[in-house]
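Read through the structure below, which is laid out as structure tokens, and then see the notes.
The values are calculated or read from the model by the stated rules, or taken from the named source; none is laboratory data. These numbers were taken from a predicted model, which means no experiment stands behind them. Backbone-built Cβ (ideal geometry, glycine too); neighbour counts: all protein chains shown.
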Amino acid sequence: MIFRGLFCTITAAVLWGTSGPVMRIADSLGVDILTLNLVRALFPSLVLCFVAIWRRKNGVGFFNTKSVSPLLIPGAAGMVMSALGLNLAFLRLSIGLAMVLYYSAPLWVMAGSWIISGEKPSISQFAAFSLALAGIWVSAGGAQRAGTLDMVGVTGALVGALGYALFVLNGKYGAGKTDPFGSFFLTYIFSTVILAVMAVATGRIAAIADLGRSSWLVLIYLGFVTSLVPYGLLMLSLRWISGNTASVATMSEVPFSMMWALIIASELPEPSAVTGGAVVLLAIAFLAGSKR
């Protein structure tokens, strides 16, 4: 059974790994970051609405009062930060470096957990945290020496990582424990609404009507193949493997993203991104293993 779970999580990582190169294709077609992520969020949101309706027909409500927590809005804002930040990083940095920086997210989850729970970090947690920061430093330092470091892209990747951490913390300390689907449903819907408001406020909402056939094909791919399908596979994998095992297996997204960048965009990652990325993933795997 464990092989089924690993197959699901690794397949999810393979699909997620195509996000960077495909987002660059969307950019080359003139699709701006806000429009891309709004349309990308709409597809899963519609599917979640259909699931919620089906649940209601089967006697389960859309959500209940336990689905709402003080962390709901920060969690939804975090999803927006994650989507926009990582997309920006893919356009300004090498895809490999962007992914290494983005995978600092577990560090911020751990730091947030220390703040919210008031727990003191253990020596092993602090050591892993420091090791991961060292890996990020190696990655960024090597890119700077190679002349490929862009601070806007670095900021985007780190903001994206922080946003993802906010989303995870909402699930961990908010309503995720008592009503997982309701919490996920509300968080996703609120994040889509935030993106829609941003699109209206900036005048980008009109850009949706001007999208060509090629742009729609790319956005449909991003909405389903890099969002809905891999998240579904990840949820399915938890029937056979633990959450810690799944989180470690999905870290294969980093090398897969480098692989797809080479195949689709003919881009090689900086050697420092490979070295630093290995150090970051080692630290995160150690953290996940220590929670068993």
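Can Val197 be described as β-branched (Val, Ile, Thr) and under 19 Å from Val100 (Cβ atoms)?
Numbers: β-branched (Val, Ile, Thr): yes; under 19 Å from Val100 (Cβ atoms): no.
The answer is no for Val197.
State the number of residues belonging to segment 9-38 that are in contact with a Pro (Cβ under 6 Å, 6 or more places away or on another chain) and either within 30 Å of Val200 (Cβ to Cβ) or among the small types (Gly, Ala, Ser) (or both).
If we filter segment 9-38 for residues that are in contact with a Pro (Cβ under 6 Å, 6 or more places away or on another chain), which is where we start, we get 12, 15-16.
Next, from what is left, pick out any that are either within 30 Å of Val200 (Cβ to Cβ) or among the small types (Gly, Ala, Ser) (or both): 12, 16.
Total satisfying the criteria: 2.
Name the residue, out of Ala246, Ala273, that is more than 21 Å from Leu86 (Cα to Cα) and surrounded by 18 or more Cβ atoms within 10 Å (Cβ to Cβ). Step through it out loud before you land on a result.
Numbers: Ala273 fails: more than 21 Å from Leu86 (Cα to Cα).
After ruling out the rest, the residue left standing is Ala246.
Looking at Ile220, is it among the aliphatic types (A, V, I, L, M), within 23 Å of Val14 (Cα to Cα), over 17 Å from the mean Cα position of the chain (by Cα) and outside any helix (DSSP H, G or I)?
Numbers: among the aliphatic types (A, V, I, L, M): yes; within 23 Å of Val14 (Cα to Cα): yes; over 17 Å from the mean Cα position of the chain (by Cα): yes; outside any helix (DSSP H, G or I): no.
Answer is no for this residue.
Is at least one residue of segment 172-187 assigned to a helix (DSSP H, G or I), over 24 Å from Asn37 (Cα atoms) and in contact (Cβ under 8 Å) with a residue 40 or more places away in the chain? If you could, list the steps in order and put the result at the bottom.
Initially, segment 172-187 is screened for residues assigned to a helix (DSSP H, G or I), giving 172-173, 180-187.
From what is left, the residues that are over 24 Å from Asn37 (Cα atoms) are 172-173.
Filter once more, keeping what is in contact (Cβ under 8 Å) with a residue 40 or more places away in the chain: 172-173.
Looking through segment 172-187, at least one residue is assigned to a helix (DSSP H, G or I), over 24 Å from Asn37 (Cα atoms) and in contact (Cβ under 8 Å) with a residue 40 or more places away in the chain.
When you scan segment 128-141, do you find a residue that is under 20 Å from Pro44 (Cβ atoms), in contact with a Phe, Trp or Tyr (Cβ under 7 Å, 6 or more places away or on another chain) and either among the hydroxyl-bearing types (Ser, Thr, Tyr) or surrounded by 20 or more Cβ atoms within 10 Å (Cβ to Cβ) (or both), even just one? Outline the logic, then answer.
Initially, segment 128-141 is screened for residues under 20 Å from Pro44 (Cβ atoms), giving none.
Within segment 128-141, not a single residue is under 20 Å from Pro44 (Cβ atoms), in contact with a Phe, Trp or Tyr (Cβ under 7 Å, 6 or more places away or on another chain) and either among the hydroxyl-bearing types (Ser, Thr, Tyr) or surrounded by 20 or more Cβ atoms within 10 Å (Cβ to Cβ) (or both).
Mind checking which residues of segment 72-116 are in contact with a Pro (Cβ under 9 Å, 6 or more places away or on another chain), of a type in the set (Phe, Trp, Tyr), touching a residue at least 24 places away in the same chain (Cβ under 8 Å) and surrounded by fewer than 23 Cβ atoms within 10 Å (Cβ to Cβ)?
Within segment 72-116, none qualify.
Given (1) within 20 Å of Tyr103 (Cα to Cα); (2) at pLDDT below 80, where does Val280 come up short, assuming only one miss?
It is condition (2) that Val280 fails.
Taking Pro230 and the conditions (1) over 24 Å from Ile95 (Cβ atoms); (2) buried (at least 19 other Cβ atoms within 10 Å of the Cβ); (3) in contact with a Phe, Trp or Tyr (Cβ under 9 Å, 6 or more places away or on another chain), which numbered condition does it fall short on, given that it satisfies the others?
(1)
Of all residues in segment 249-263, count the ones that are β-branched (Val, Ile, Thr) and surrounded by fewer than 16 Cβ atoms within 10 Å (Cβ to Cβ).
Step one: of segment 249-263, the residues β-branched (Val, Ile, Thr) are 250, 254, 263.
Narrowing further to those that are surrounded by fewer than 16 Cβ atoms within 10 Å (Cβ to Cβ): 263.
Adding up the residues that qualify gives 1.
Say whether the condition of being modelled with pLDDT of 85 or more, in a loop (DSSP other than H, G, I, E, B) and over 17 Å from the mean Cα position of the chain (by Cα) is met by at least one residue in segment 188-204. Walk me through it before giving the result.
Pass one, segment 188-204, residues modelled with pLDDT of 85 or more: 189-204.
After this cut, where a residue has to be in a loop (DSSP other than H, G, I, E, B) as well, the list is 203.
Now restrict to residues that are over 17 Å from the mean Cα position of the chain (by Cα): 203.
Yes, segment 188-204 contains a residue that is modelled with pLDDT of 85 or more, in a loop (DSSP other than H, G, I, E, B) and over 17 Å from the mean Cα position of the chain (by Cα).
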